[in-house]
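So the structure is just underneath, and the comments pick up after that.
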Amino acid sequence: MQLKYKPMGQYQTNCYIVTINDRDIIIDPGVGATSWIEKNVKNPVAILNTHGHFDHVWSNAEVKKIFNIPIFIHHKDAFFLENDQFSMGKPKSKADFLVNNEDIIDLEGIRFRFLHFPGHTPGCCVIEFEEAWFSGDFIFRGSIGRVDFPYSNPEDMKKSLLRFKEIRYDKPVYPGHGEPTTIKNEQKHVDYWLRAI
């Protein structure tokens, strides 16, 4: 797995390009991501959204149109794409594949799955590849996603954190904002966040 990423827009939202077997997966194309993506992909095959907030999906429609590739998102967050809930002027997009389970998806030999960790949004997910997690706004280095937004749910976040705490393996974690971390490193902080929510 080869990885490139760049923080995009005012909120410095990490856009990732994952390259496996000479095919590129684009994760969370945020504000102004299109030109960087165009310069850094050779054979893009899909756009994956960890969740539906505008700063993670802003360039969905533009990137989809340029490369004619499908958008994947958890079905509980699909409504974000087709609406502008926060009145930010976000371009509308439409998902091609609505994820509704955690089965492994095999896309042209690239295997990944959406692990559902609701709380920040109803359909907030970690996208898991064999070599790494892409955690969106669920888990950050030393922090977690906010639960005070419209459609957030603190109780769901607590359940997600309890599930996260029980993960028995370790992988690098590439979050939606900030620097990379690991599963084991962030599990150390779960009890604190459970008390803080």
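Odds and ends about this structure:
- Within the range 5-25, considering residues that are assigned to a strand (DSSP E or B) and free of Cβ contacts under 8 Å to residues at least 60 places away in the same chain, the one nearest to LYS42 (Cα to Cα): ASP24
- Only one of the numbered conditions (1) out of contact with any Asp or Glu (no Cβ under 8 Å at 6 or more places or on another chain); (2) under 23 Å from ASN153 (Cβ atoms); (3) not in a strand (DSSP E or B) is not met by THR50, and that is (1).
- All conditions in (1) open to solvent by 20 Å² or more (accessible area, probe 1.4 Å); (2) under 30 Å from ASP148 (Cα atoms); (3) among the aliphatic types (A, V, I, L, M); (4) modelled with pLDDT of 95 or more hold for ILE105, with the sole exception of (2).
- Breaking point among (1) of a type in the set (Asp, Glu); (2) touching a residue at least 40 places away in the same chain (Cβ under 8 Å); (3) in a strand (DSSP E or B), for GLU186: (3)
- Exactly one residue out of ARG146, ARG168, ARG163, ARG141 is closer than 26 Å to ILE25 by Cα and either at pLDDT 95 or above or touching a strand residue (DSSP E or B) at 6+ places or on another chain (Cβ under 9 Å) (or both): that is ARG141.
- Hey, ILE37 at pLDDT 95 or above, assigned to a strand (DSSP E or B) and at negative phi or not: no
- Residue match in the range 133-155 (condition: in contact with a Ser or Thr (Cβ under 6 Å, 6 or more places away or on another chain), buried (at least 19 other Cβ atoms within 10 Å of the Cβ), of a type in the set (Val, Ile, Thr) and farther than 17 Å from PHE80 by Cα): no
- Residue pairs whose Cβ atoms lie under 8 Å apart, sitting 6 or more positions apart in sequence or on different chains, and linking a residue in the range 136-161 that is touching a residue at least 12 places away in the same chain (Cβ under 8 Å) to a partner that is among the aliphatic types (A, V, I, L, M) and part of a helix (DSSP H, G or I), are ILE144/MET157; ILE144/LEU161; GLY145/MET157; VAL147/MET157; LYS158/LEU194; LEU161/VAL190; LEU161/LEU194.
- Checked against the criterion of being open to solvent by less than 60 Å² (accessible area, probe 1.4 Å) and over 29 Å from ALA33 (Cβ atoms), the candidates LYS158, LYS188, LYS184 yield just one match: LYS158.
- Hits in the range 108-132 - residues which are under 19 Å from PRO150 (Cβ atoms) and either surrounded by fewer than 18 Cβ atoms within 10 Å (Cβ to Cβ) or in contact with a Cys (Cβ under 6 Å, 6 or more places away or on another chain) (or both): PHE117, PRO118
The values are calculated or read from the model by the stated rules, or taken from the named source; none is laboratory data. Treat the numbers as computed from the prediction; the structure is a model and nothing was measured. All Cβ positions, glycine included, derive from the backbone under ideal geometry; neighbour counts span all protein chains shown. Please note that ligands, DNA and RNA were not included when accessible areas were found on the heavy atoms of the full protein model with its side chains. Shrake-Rupley method; radii C 1.70, N 1.55, O 1.52, S 1.80 Å.
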